[in-house]
Every structure is written in structure tokens, then in C-alpha cells.
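S.K.: Here's a structure for you.
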Amino acid sequence: MREILLSALAVAQVLSANAGVNLLTCETDFETTDEGWYGWYPEAPIPMRTQDGAIGTWSLEVRGTEGVRTPFVWDALKPETDYTVSFSAKGDCGQLHLALITVNWQWLGTRYVWLDPVWRRQSYSFRTGKKGSFGRAFCLQLQHKQAGEWFRIDGIKIEEGKTATPY
């Protein structure tokens, strides 16, 4: 019986080893910089840090509908594994479209989030497919669906598991 309990504990420790680890390699709380966030096109409005954070002092503000994305994160996702994206967002109404996209432009997960002027913590889960079906890299993409409007994001995290852990 003791051996079974020790084995179960060892399995639980291995399974939780990556829980809570943020897979994004760029700035996600914007306290020191907004490095690593790109506008979709050169003519798109440049995302900027603003002193209105949900976590800490700073957040990232995006104006218009062109959207932003992170750099690609390589070799981070495992096949047939659950992941959770969590973040804080607010905006001047409308919807925020969030998508996880692979390097071969397959969509791993997508969500539309209704925005309002108050910070709200959001999260959603997705599951990767079989090995080789989703590519070796992914990026996170965010776009406001109303022309000329704005949104702010903060405390962004992509982690292994079905539920978000605190940022």
C-alpha cells in the first residue's frame, strides 16, 4: 500500500512540474517594457505601455483593429496536452478576439471576449492534437473587433493544465 501511495505521489509531482510555468517568452506584465509585442502590419498602430495595470502599474494598450501578436514560442507544446491561457483585459466595449496560432497557421484555440471599462480576469483551455499535427511553434494574437477603439491587456499567461494558476 505504501508503494502505491509513493508511486501516486511521484506521478502527481511529475504532472504538476510544469503547472504554473508561463510558456510565453516575451513581456507579459509590462512593468519594465513592452518588448516582444508586434503590430500585424508596419502601418498598424504601435502597441504602447500605459500606466493603468491590472497587475502592477503598467499594461499594454492597443488602438484600432489591426491587433498585436507575440513572437513565436518554439518547442514548448506537447502533443495531446491541455493548456490554459489567462489574462486581464478591459476596453471601450466590443469584443476582443484572442487566438493561439501555430507557425503553419493552424488555430489551436480561439475566443471572443466582451470588453468593458473594468479589468476582468479571463481564461480558457485548449488541447493540442497528436504529435506533428500542430507544428513546432505557436504565437498569441489579440485583436479588437471595433474600428478605432482600444483595449488593454495585462498579466498574460499560457500554462500547462486545464485551469489557470494565479499570475
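The values are calculated or read from the model by the stated rules, or taken from the named source; none is laboratory data. Every value quoted in this text rests on a predicted model; they were computed, and no experiment measured them. Cβ: placed from backbone, ideal geometry, glycine included. Neighbour counts: every protein chain shown. These accessible areas exclude ligands, DNA and RNA; they are computed on the full protein's heavy atoms, side chains included. Shrake-Rupley method; radii C 1.70, N 1.55, O 1.52, S 1.80 Å.
S.K.: So, counting K/R as plus one and D/E as minus one, what does the shell of residues with Cβ under 10 Å around V21 add up to? Before the final figure, lay out the partial values.
M.R.: On the way: positive: K157; negative: E159, E160.
So the surrounding residues net to -1.
S.K.: Roughly speaking, what % of Cα-Cα pairs in the range 79-167 are separated by over 14 Å, rounded to a whole number?
M.R.: Values: 2497 of 3916 pairs.
In whole percent, the share of Cα-Cα pairs in the range 79-167 beyond 14 Å is 64.
S.K.: Turning to a different aspect of this structure: So, taking all protein chains as they sit and a 1.4 Å probe, how much accessible area belongs to T25, in Å² rounded to tens?
M.R.: 100
S.K.: Let me check against my output: what whole-number percent is the relative contact order of the range 80-131, with C-alpha pairs under 8 Å and at least 6 apart?
M.R.: Working: 94 pairs, mean separation 26.7, N = 52.
It rounds to 51 percent for the range 80-131.
S.K.: Moving to a separate point now. Please give the net charge around G36, taking every other residue with its beta carbon less than 14 angstrom from that of G36, where Lys and Arg add +1 and Asp and Glu add -1. Provide the component values of the computation, followed by the final result.
M.R.: Working: positive: R49, R69; negative: E27, D29, E31, D34, E35.
Neighbour charge sum, excluding G36 itself: -3.
S.K.: Stretched out fully, how many nm does the piece from T32 to Q106 gain, at 0.36 nm a residue minus the Cα gap?
M.R.: Working: separation 74, 0.36 × 74 = 26.64 nm, distance 3.18 nm.
Full extension of this stretch gives 23.5 nm more.
S.K.: What aspartates and glutamates does K145 reach when the alpha-carbon gap must be under 19 Å and sequence neighbours fewer than 8 apart in one chain are set aside?
M.R.: In chain and number order, the partners are E43, E61, E66, D92, D116, D154.
S.K.: Treat each spin label as a single point 7 Å out from the Cα along the C-beta direction, and report the Q146 to D92 distance in nm.
M.R.: My value for the distance between the label points is 0.8 nm.
S.K.: Turning to a different aspect of this structure: Using a simple charge model, +1 on the beta-carbon of Lys and Arg, -1 on the beta-carbon of Asp and Glu, nothing else, what dipole does the range 36-109 show about its Cα centre, in debye to the nearest 20?
M.R.: Working: 5 positive and 8 negative charges, 19 e Å.
That gives a dipole near 100 debye.
S.K.: Ok, one more. What part of the accessible area of the range 40-167, given as a whole %, is carbon or sulfur when the probe is 1.4 angstrom? If you can, show how the numbers build up before the last one.
M.R.: Details: 3200 of 6160 Å².
Ligands and nucleic acids excluded, carbon and sulfur reach 52 percent.
S.K.: What full-extension length gain, to one decimal in nm, is calculated for W114 and I46 as 0.36 nm per residue of separation minus the Cα-Cα distance?
M.R.: Additional length available on full extension: 22.2 nm.
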